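Worksheet: one structure, shown below.
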């Protein structure tokens, strides 16, 4: 419990660490989401090109 | 050496090797962050003035470092792309912007959370460090808005690179603001004359967090740049062959 309380600064300390975790996770998620979107778009474009050929 | 750099700047080569470097950065980065978080929250002694609130530095300082480092990468890459017309450099700059903006936001918010119990205020409009860091965030937003406002990638690259170079002036102000002006923000600690003015029990977790965040940032930047390269090269033969060969394998 002492660790959670952080000498009565627990709300400040844990909020800061929680926000940091959220920002890091959002960055990781955005990297993966963008990768799959771009890859999928290119696949669709190539298939359309092949069908036209 | 030049041959290696020249090869690295080739989009297909970069696309192939980026995941390897990304993994090399990610694994030690996460290990350092895990150690730094544990040591910073549990092992480091309580600060005699700030109490346990000082532990916010273990996320605030690495974020603040990355906000500046990311902008310098953005500006240098933009400058290289502008002068030598290296396509990969513009892709690096474009990829660094959202990452830098997120860490600048984090530095501002964690700094504000730290400031409330220490200074008695969430924000001080007259403080040069806080204001220059906020302006840095606006430079990131401006850079990204300018890029997305111009449809032609080449024109967007050039215009945003010029804006990025102008913003370097603000980065210098961010760094030296606590030296040049009177500020609520504390002065330089790690780069203080005569070495870091910190107890080793507090310093080592902080260094671990700074290096860990830098490695994690490097890994994220490599992967974002890899996707940016794929997007920019989407109409090229090597991308088509790569996608088709993967489909053939699956």
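Can you give the mean number of other chain Cβ atoms that lie within 10 Å of the Cβ atoms in peptide A:28-35?
Details: counts 5, 0, 6, 12, 2, 1, 8, 6.
That average works out to 5.
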**Study point:** Along each principal axis, Cα extent of the range B:144-250, largest first, Å
**Key:** 59, 35, 19
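What whole-number volume per residue, in cubic angstrom, does the convex hull of the C-alpha atoms of the range B:134-177 give?
Values: hull volume 2.0 nm³, N = 44.
Residue-normalised Cα hull volume stands at 45 Å³.
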Practice item. Give me the compactness ratio for the range B:41-94, meaning the Cα radius of gyration over 2.2 N^0.38 Å. Key: 1.83
Study note, to complete from the structure: Rounded to the nearest 10, the angle in degrees between the Cα long axis of helix A:10-52 and the longest principal axis of the Cα atoms of chain A comes to 0 degrees
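How shielded is B:230-237 by partner chains, expressed as the average number of their Cβ atoms within 10 Å of its Cβ atoms? Please list the in-between numbers first.
Values: counts 6, 7, 1, 1, 6, 3, 0, 0.
The shielding value for this peptide is 3.
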Check your understanding: For B:182, B:70, what ranking results if the residue with the fewest other Cβ atoms within 10 Å of its Cβ goes first?
Key -> B:182, B:70
**Study point:** the protein assembly as shown: translational diffusion in µm²/s, Stokes-Einstein, Kirkwood Rh over Cα pairs, 20 °C, 1.002 mPa s
**Key:** 102 µm²/s
Practice item. Taking 7 Å along the Cα-to-C-beta vector as the label spot, tell me the residue B:190-residue B:152 distance in nanometres, rounded to one decimal. Key: 4.2 nm
Exercise for review: Could I have the simple spin-label model distance between residue A:50 and residue A:1, label points 7 Å from Cα toward Cβ, reported in nm to one decimal?
Suggested key: 6.5 nm
Practice item. Please give the calculated 222 nm ellipticity per residue for chain B, where each DSSP H segment of at least 4 residues contributes -39500 (n - 2.57) and the sum is spread over every residue; nearest 500 deg cm²/dmol? Key: -27000 deg cm²/dmol
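Whole number please: convex hull volume per residue of the Cα set in the range B:30-221, in Å³?
Working: hull volume 23.2 nm³, N = 192.
Measuring per residue, one finds 121 Å³ for the Cα hull of the range B:30-221.
How do B:15, B:38 line up, fewest other C-beta atoms within 10 Å first? Present the calculation step by step, with values, prior to reporting the outcome.
Working: B:15 19, B:38 13.
Neighbour counts put them in this order, fewest first: B:38, B:15.
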Review point. In nanometres, what is the gap between the two model label sites at residue B:238 and residue B:165, each 7 Å from Cα along Cα-to-Cβ?
Key: 2.7 nm
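Please rank B:193, B:133, B:124, fewest neighbouring Cβ atoms within 10 Å first, as an exposure proxy.
Details: B:193 6, B:133 23, B:124 17.
Neighbour counts put them in this order, fewest first: B:193, B:124, B:133.
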Practice item. With no solvent and one equal point scatterer placed on each C-alpha of the range B:82-168, evaluate the Debye formula and give log10 I(q)/I(0) for q = 0.11, 0.13, 0.26 Å⁻¹, two decimals. Key: -0.38, -0.50, -1.26
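Here, each number is a calculation from the coordinates, and none is a lab measurement. Since the model is a prediction, treat every value here as computed from it, not as a measurement. Counting neighbours? That spans all protein chains shown, and the Cβs are built from the backbone with ideal geometry, glycine included.
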